[in-house]
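J.: The following block contains the structure, expressed as structure tokens.
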2 protein chains.
Amino acid sequence: MARVGGIEAGGTKCVCALGTGPGDLEIDAIPTSTPDVTIRSIVAFFKQREPVRSIGIGSFGPVDPDPQSPTFGYITSTPKKGWTNFDFAGAIRETLGVQVAFDTDVNAAALGEFRWGAAQGLGTFLYLTVGTGIGGGGMVNGRLMHGKTHPEMGHIRIPHDRVQDPFAGSCPYHRDCLEGLACAPAILARWGQAGESLPDNHAAWELEAQYLALGIVNWICTLSPQRIILGGGVLQREKLYPLVRAKVAELLAGYVEAPEIVPPMLGDRAGVLGAIALALGLDKSEPL
Amino acid sequence: MARVGGIEAGGTKCVCALGTGPGDLEIDAIPTSTPDVTIRSIVAFFKQREPVRSIGIGSFGPVDPDPQSPTFGYITSTPKKGWTNFDFAGAIRETLGVQVAFDTDVNAAALGEFRWGAAQGLGTFLYLTVGTGIGGGGMVNGRLMHGKTHPEMGHIRIPHDRVQDPFAGSCPYHRDCLEGLACAPAILARWGQAGESLPDNHAAWELEAQYLALGIVNWICTLSPQRIILGGGVLQREKLYPLVRAKVAELLAGYVEAPEIVPPMLGDRAGVLGAIALALGLDKSEPL
């Protein structure tokens with residue numbers, strides 16, 4: 001199997017890799033600055049490792065992931081300075097002369113877990129990440145989730161008891177959507193302290209689990225996933241897993257059976273491995 | 001094209017039809033009583049119209065829609081007396097000696113709208129119905145939504161302002177899930193009057209639109225549908241459409257562009273026509 005390239009483009013760093021899977025990955029992280037500087041560093045990474053026939057990109061967003069669209073592969077309406085309406089896929093394709101596959105960071109991570117990780121053999125599952133933001137991707141009936149554009153799962157509205165939690169929410173668009181209540185910056189703003197420094201017995205974790213469970217219950221009712229992969233920086237706090245599972249079961253109240261809720265098997269390499277899997281998918285002679 | 005059968009099985013009636021599409025439907029409604037009595041009436045409808053090669057069923061649920069499962073075609077954990085763990089598809093298949101296709105009522109309706117109605121040409125869309133309950137089905141990437149079982153969209157949790165609306169909710173499982181706040185029986189219980197008899201300027205409609213918009217926003221963020229088909233008894237109140245559209249746009253706050261929100265083009269025949277489409281799909285020589 002020929003080695004292909006993968007790029008997991010995030011708000012603070014772009015992880016680049018070359019390989020065919022988890023066993024042979026050459027990997028490096030590049031700081032995300034302006035598109036010009038960033039693309040130059042990414043190109044340098046791959047130039048040093050030629051030949052590269054194809055590259056997959058899993059990108060922060062919003063993006064246009066529709067191959068039929070004239071702006072396929074663009075980062076669209078991001079507030080990130082300089083990146084608005086940037087033709088990410090085009091820049092890589094033209095500078096390196098490669099085929100490019102392109103999707104959201106979370107759909108890429110979902111594909112990585114599907115190919116090599118916690119979602120192997122499943123047709124309908126979700127990959128959720130809770131960190132600087134809250135994002136979700138996944139598959140329905142064996143296909144990565146796409147629609148008018150792509151899911152923006154973090155921005156769903158959930159019950160917010162302002163007596164129990166007077167924090168107004170940190171989302172600049174919606175204030176107390178799920179992301180605004182439960183992402184890492186929301187934890188920091190609510191408690192005046194980053195989640196990492198809060199003790200295990202702090203009330204923050206019960207509340208965090210409650211919000212994540214409300215989001216997960218809504219996704220279970222909407223999609224009926226066979227499994228939910230839940231990761232991201234906030235989930236480094238491992239006690240969240242049993243708390244979230246218990247609250248999900250309580251909220252479902254026996255009406256629907258909860259699917260398994262598990263950490264990503266590929267850890268923080270899910271995204272870049274998913275980008276590799278996107279690139280492998282370009283070659284019709286390789287199985288998806 | 002050979003005529004096929006369709007059954008839309010609901011809690012109060014089963015609509016049976018024979019035909020090939022909207023133009024040639026022979027249709028009749030049978031009261032839903034015990035499975036024995038109901039199946040006997042359904043069988044009589046089709047016996048009088050033989051030959052019938054295949055029948056599609058869109059059923060109230062929960063159901064098992066997985067063709068690989070040993071309980072495929074069963075109604076599973078319904079509270080409806082006598083129907084729990086009833087092999088609906090098997091009863092029709094064996095009594096009439098036909099091939100049977102089986103899915104939820106809302107997925108069937110979604111398929112009907114996809115084939116002949118408001119979802120033609122779309123890959124990712126939702127069909128929602130707001131009546132005795134709230135249900136949703138649809139397609140993602142051109143395939144009907146299935147997973148561990150099937151969506152139970154009405155049971156998502158949304159913000160419920162108990163100062164503005166002290167009504168506790170009517171869902172026996174979750175109290176104030178979306179269905180518990182916004183289905184027809186919730187309107188009746190909250191206002192002491194059925195929706196049909198409330199005037200157009202009653203506060204009920206603003207509140208109803210707010211709850212439906214919160215649900216729809218969550219589905220937009222989760223699935224990014226290209227269009228949302230919104231129907232059911234409660235939507236007979238046509239002023240709800242502009243109200244819901246306005247509130248959806250307000251809640252999305254420009255972060256995501258709202259898809260069109262439209263009534264079913266097939267009206268109350270979407271379900272039974274979808275059941276016909278399910279049956280047509282059994283014949284591999286016919287295009288889906």
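All of the numbers you see were taken from the coordinates with simple rules; none came from a lab. This structure is a prediction, so every number in the text was calculated from the model and none was measured. Note that we place each Cβ from the backbone using ideal geometry, even for glycine, and neighbour counts take in every protein chain shown.
J.: Semi-axes of the equivalent ellipsoid of the protein assembly as shown: what are they in whole Å, largest first, if each equals the square root of 5 times a C-alpha gyration tensor eigenvalue? Numbers along the way, then the final one.
T.: On the way: eigenvalues 341, 172, 88 Å².
Rounded to whole Å, the semi-axes are 41, 29, 21.
J.: Can you give me the P(r) profile for the range A:15-71? Cα pairs, bins 10 angstrom wide beginning at 0, each as a whole percent.
T.: Per 10 Å bin, starting at 0, the Cα pair percentages come out as 18, 46, 32, 3.
J.: Here's something else I'd like to know. Among A:5-16, A:198-209, what's the highest-first ranking by average C-beta atoms within 10 angstrom per residue? Before the final figure, lay out each step's value.
T.: Working: A:5-16: 22.2, A:198-209: 15.3.
Packing proxy ranking, top to bottom: A:5-16, A:198-209.
J.: I've got another one for you. I'd like the trypsin sites (Lys or Arg not before Pro) in the range A:149-196 restricted to DSSP loop residues with at most 16 other Cβ atoms within 10 Å, sorted by number.
T.: Working: sites: A:Arg157, A:Arg162, A:Arg175, A:Arg190; in loops: A:Arg162.
Answer in residue order: A:Arg162.
J.: Return the whole-Å distance between the Cα centroid of the range B:183-250 and the Cα centroid of the range B:102-167.
T.: 14
J.: Continuing with this model, one more query. Under 24 Å between alpha carbons, and skipping anything fewer than 8 positions from A:Lys80 in its own chain: which lysines qualify?
T.: A:Lys13, A:Lys148
J.: Straight-line reach from A:Lys247: which lysines fall under 19 Å, measuring Cα to Cα and dropping same-chain residues less than 8 apart?
T.: A:Lys239
J.: Give the cross-link partners of B:Lys47 among the aspartates and glutamates, using a straight C-alpha distance below 17 Å as the criterion and excluding same-chain residues fewer than 8 apart.
T.: Reachable aspartates and glutamates: B:Glu26, B:Asp28, B:Asp36, B:Glu94.
J.: Suppose a student asked you for the relative contact order of chain B, using Cα pairs under 8 Å spaced at least 6 residues apart; what percent would you report? Don't skip to the end; give the middle numbers.
T.: Values: 610 pairs, mean separation 63.7, N = 288.
Relative CO of chain B lands at 22 percent.
J.: In the range B:1-147, if every C-alpha pair distance is counted and binned at 10 Å from zero, what percent goes to each bin?
T.: Final binned percentages: 11, 42, 38, 9.
J.: Also, I was wondering about something else. If Lys and Arg each add +1 and Asp and Glu each add -1, what is the summed charge of the other residues whose beta carbon sits under 14 Å from the beta carbon of A:Gly180?
T.: Details: positive: A:Arg157, A:Arg162, A:Arg175, A:Arg190; negative: A:Glu152, A:Asp165, A:Asp176, A:Glu179, A:Glu208.
Once all neighbours under 14 Å are counted, the net charge is -1.
J.: Still on this structure, I have one more. For the range A:124-176, what does the equivalent ellipsoid look like in terms of its semi-axes, each the square root of 5 times an eigenvalue of the Cα gyration tensor, given largest first in whole Å? Before the final figure, lay out the partial values.
T.: Values: eigenvalues 148, 26, 19 Å².
Over the Cα atoms of the range A:124-176, the ellipsoid semi-axes are 27, 11, 10 Å.
J.: Using the Cα atoms as the points, what is the convex hull volume per residue of chain A in Å³? Provide the component values of the computation, followed by the final result.
T.: Numbers: hull volume 37.4 nm³, N = 288.
Taking the convex hull of the Cα positions in chain A, it is 130 Å³ per residue.
J.: Which chain A residue puts its Cβ closest to the axis that rotates A onto B, and at what distance in whole Å?
T.: For the rotation taking chain A to chain B, the closest Cβ gives A:Val140, 2.
J.: So for A:Tyr74, B:Tyr241, fewest C-beta neighbours within 10 Å to most, what's the order? Intermediate results must be reported in sequence, preceding the final value.
T.: On the way: A:Tyr74 22, B:Tyr241 15.
So the ranking, lowest neighbour count to highest, is B:Tyr241, A:Tyr74.
J.: Can you find, among B:Ala279, B:Asn218, A:Phe167, the residue farthest towards the positive end of the dipole of the protein assembly as shown? Put +1 on the C-beta of Lys and Arg, -1 on that of Asp and Glu.
T.: B:Ala279
J.: Please report the equivalent ellipsoid semi-axes of the range B:90-232, computed as sqrt(5 x eigenvalue) of the Cα gyration tensor, largest first, in whole Å. Mind dumping the intermediate values first?
T.: Details: eigenvalues 181, 66, 42 Å².
Largest first, the range B:90-232 gives 30, 18, 15 Å.
J.: Please give the charge dipole size of the protein assembly as shown, origin at the Cα centre, charges +1 on K and R Cβ atoms and -1 on D and E Cβ atoms. Round to the nearest 20 debye.
T.: Details: 46 positive and 58 negative charges, 53 e Å.
Dipole size: approximately 260 debye.
J.: Another question, if that's okay. What's the whole-number percent of alpha carbon pairs in the range A:151-287 lying beyond 21 angstrom? Walk me through the intermediate numbers first.
T.: Details: 4517 of 9316 pairs.
I get 48 percent for the Cα pairs in the range A:151-287 exceeding 21 Å.
J.: Given 25 °C and 0.890 mPa s, compute D for the range A:41-100 with the Stokes-Einstein relation, Rh being the Kirkwood radius over Cα pairs; round to the nearest whole µm²/s. Kindly include the intermediate steps, with their values, before the conclusion.
T.: Values: Rh = 12.1 Å.
The calculation lands on 202 µm²/s.
J.: Suppose a student asked you for the relative contact order of the range B:171-288, using Cα pairs under 8 Å spaced at least 6 residues apart; what percent would you report? Don't jump to the answer; show the numbers that get you there.
T.: Working: 96 pairs, mean separation 25.3, N = 118.
Once normalised by length, the contact order is 21 percent.
J.: Still on this structure, please answer the following. For Cα pairs less than 8 Å apart in space and 6+ apart in sequence, what is the mean separation divided by the residue count of the range B:61-112, i.e. the relative contact order in percent? Don't skip to the answer; put the middle values down first.
T.: Details: 68 pairs, mean separation 15.6, N = 52.
The normalised contact order for the range B:61-112 reaches 30 percent.
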